[in-house]
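Every number in this text was worked out from the coordinates using simple rules, so none of it is lab data. Everything quoted here is computed from the prediction, not taken from an experiment. Here the Cβ positions follow ideal geometry from the backbone for every residue, glycine too, while neighbour counts run over all protein chains shown.
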Amino acid sequence: MSDITAQLQERILVLDGAMGTMIQAYGFEEEDYRGTQFKDHHCPVKGNNDMLSITQPQAIKDIHRSYLEAGADIIETNTFSSTSIGMADYAMEDAVYDLNYAAAKIAREAADEFTTANPKQPRFVAGSIGPTNKTASMSPDVNDPGYRAITFDALVAAYAEQVEGLVAGGVDILLVETVFDTLNAKAALFAIESLKQEKGWNHPVMISGTITDASGRTLSGQTVEAFLVSIAHLPLLSVGFNCALGADQLYPYVKRLDAIAPFCVSAHPNAGLPNAFGAYDQSPEEMLALLEPYLKDAVVNIIGGCCGTTPAHIEKIAQAAKNFTPRNIKINTHA
């Protein structure tokens with residue numbers, strides 16, 4: 001049994017909060033994004049937060065440390081868009097492996113620092129694997145419903161490249177998150193399982209979908225139950241939901257997952273819904289009040305925050321989580 005599975009049987013683990021929210025506070029400009037490494041890159045790169053793992057590594061490490069200081073047990077790498085598909089927007093496909101390796105290495109160093117300081121609370125690094133900006137299940141052209149902007153094989157290849165960089169950099173866990181199209185997620189999971197068999201890896205895998213609105217479905221149309229069934233054949237560490245909704249709106253779907261999931265359950269909702277300017281106004285105290293049912297009803301094993309959450313939010317969540325027992329579930333360890 002790995003360290004994280006042992007920890008999950010004993011307590012609720014706390015995932016960190018939003019990387020993008022923290023990066024925005026730095027106010028980085030084009031030159032900051034480029035650094036010296038990409039000084040002569042031929043197209044604009046401002047907004048490509050993932051490249052900051054190479055050009056502004058200290059800022060990324062400081063963000064990780066702030067979440068660890070707040071009590072996070074699991075920190076996510078700064079790699080949400082670090083596939084060749086995501087990096088195509090910035091003509092940085094050739095840098096994908098380096099982006100993932102650098103981000104994982106930074107997070108690994110920060111986590112190890114805190115584990116060494118307090119071995120009784122080991123810290124873990126989750127390699128963040130986002131959904132990409134393309135979908136394998138739906139056409140982007142309403143006039144051509146049979147068209148697909150990406151193939152399954154192209155997604156598998158892109159995810160495999162990302163995963164290799166993350167593992168080389170030292171992640172403990174692979175987190176396929178913000179899943180809006182389960183076919184995309186299946187490509188990521190297929191890439192991971194293929195690499196596990198090829199290279200003898202044994203990294204636990206978390207998967208987290210996103211419910212897009214009050215319909216209670218993913219963007220590609222799956223209900224909570226359908227989402228679980230479509231990925232439950234794999235030996236996952238956890239399944240859960242994140243993003244799109246605040247804690248109160250997300251709770252009913254997490255509770256439905258709790259009733260049927262043969263794995264640990266995770267949740268990292270947004271700090272409410274964005275205001276007219278795209279910002280999140282929900283305070284740490286307000287968010288904690290909405291998360292209390294997750295803790296009191298013991299429907300989660302892993303809890304954290306997504307868009308709009310900060311170390312202040314995670315600190316409140318971590319303090320509260322200590323007072324509750326985790327969801328009772330036999331962790332699925334089949335090979």
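Could you give the distance between the Cα centres of segment 182-234 and segment 1-41, to the whole Å?
Each part's Cα centre sits 22 Å from the other's.
May I ask you to sort His41, His313 by Cβ crowding, counting other Cβ atoms within 10 Å and putting the fewest first?
In increasing order of surrounding Cβ atoms, one gets His41, His313.
Rounding to the nearest 20 debye, state how big the charge dipole of segment 132-277 is about its Cα centre with +1 on each Lys and Arg Cβ and -1 on each Asp and Glu Cβ.
Charge dipole of segment 132-277: 200 debye, to the nearest 20.
May I ask you to derive the FRET efficiency for Glu69 and Asp144 from their Cβ-Cβ distance with R0 = 56 Å, giving the value to the nearest 0.05? If you can, show how the numbers build up before the last one.
Details: r = 51 Å, r/R0 = 0.90.
Using R0 = 56 Å, I get an efficiency of 0.65.
So how do Tyr147, Tyr67 line up by other beta-carbon neighbours within 10 Å, fewest first?
On the way: Tyr147 11, Tyr67 32.
Fewest to most other Cβ atoms nearby, the residues stand as Tyr147, Tyr67.
Could you please report the charge total around Val14, scoring K, R as +1 and D, E as -1 over all other residues with beta-carbon less than 13 angstrom from its beta-carbon?
Net of charged neighbours comes to -1.
From the Cα trace of segment 211-292, what convex hull volume per residue do you get, rounded to a whole Å³?
It comes to 99 Å³ per residue, whole-number rounded.
Of the peptides 4-14, 29-39, how do they stack up when ordered by the mean number of other Cβ atoms within 10 Å, highest first?
Output ranking for 4-14, 29-39: 4-14, 29-39.
Using 0.36 nm per residue of separation minus the Cα-Cα distance, give me the extension gain between Arg11 and Thr116 in nm, one decimal.
Length gained, Arg11 through Thr116: 35.8 nm.
If the only charges are +1 at each Lys and Arg Cβ and -1 at each Asp and Glu Cβ, what is the size of the charge dipole of the chain around the Cα centre, to the nearest 20 debye?
In debye, rounded to 20, the chain gives about 920.
How large is log10 I(q)/I(0) at q = 0.08, 0.11, 0.16 Å⁻¹ when the Debye formula is applied to the Cα atoms of the chain, each weighted equally and without solvent?
-0.33, -0.66, -1.53
Tell me, in nm to one decimal, what length is gained between Glu225 and Ala298 on full extension, where the rule is 0.36 nm per residue of separation less the Cα-Cα distance? Provide the component values of the computation, followed by the final result.
Numbers: separation 73, 0.36 × 73 = 26.28 nm, distance 1.93 nm.
That works out to 24.4 nm of additional length.
Which whole-number percent is the relative contact order of segment 3-321 (Cα, under 8 Å, 6+ apart)?
19
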